[in-house]
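Some notes on the structure that comes next.
Every read-out reported here was derived from the displayed coordinates using simple, explicitly stated rules and does not represent laboratory data. Note that the coordinates shown come from a computational prediction; the quantities given were computed from them, not determined experimentally. A quick note on method: Cβ atoms are made from the backbone with ideal geometry, for glycine too, and the neighbour counts reach across all protein chains shown.
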Amino acid sequence: MASRQQGLGLMALIFVLALLVMVALFAMKVIPSYLEYRAAKSAIDAIAREKQGATVADIRRAFENRSTIDDINTVKPQDLEITKDGTAIVISFGYRKEVPLFSNVGLYIDYAAHAGGQ
């Protein structure tokens, strides 16, 4: 009596591999954008904690220094919105990043963050 083979056929294997490659390519294009956003957010979090009572120019200069160290290119010091909430400084930014995927298909990601306040 012959037993029936079980397992993944060649076409199914090719399909699974193609799907894994597409997911990996998508991740390789999107993750750097997200990491840059997280670096910018952590920079404004630290500045909001450390620079209470500082002038707007001091805050922008501190962000410029941190963005040079952390390789933040998307958010510039001029893009920061700096306000006061009572006695606390509130720093925020927002931007849209286009991530080209292939041919004429891309992905728009809206990032926004704020730090400080009460």
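Of note:
- Each helix, a run of at least 4 DSSP H residues, gives -39500 (n - 2.57); summed and divided by the residues of the chain, these come to -17000 deg cm²/dmol at 222 nm.
- Remark: segment 31-116 carries a charge dipole of roughly 100 debye about the Cα centre, counting +1 on each Lys and Arg Cβ and -1 on each Asp and Glu Cβ.
- Positive end of the dipole of the chain (Cβ unit charges, origin at the Cα centre): among 101, 6, 47, the Cα lying farthest that way belongs to 6.
- Local net charge near residue 115, Cβ-Cβ under 9 Å (Lys/Arg +1, Asp/Glu -1): +1
- Extension reserve of the residue 46-residue 31 stretch, reckoned as 0.36 nm per residue once the Cα distance is removed: 3.2 nm
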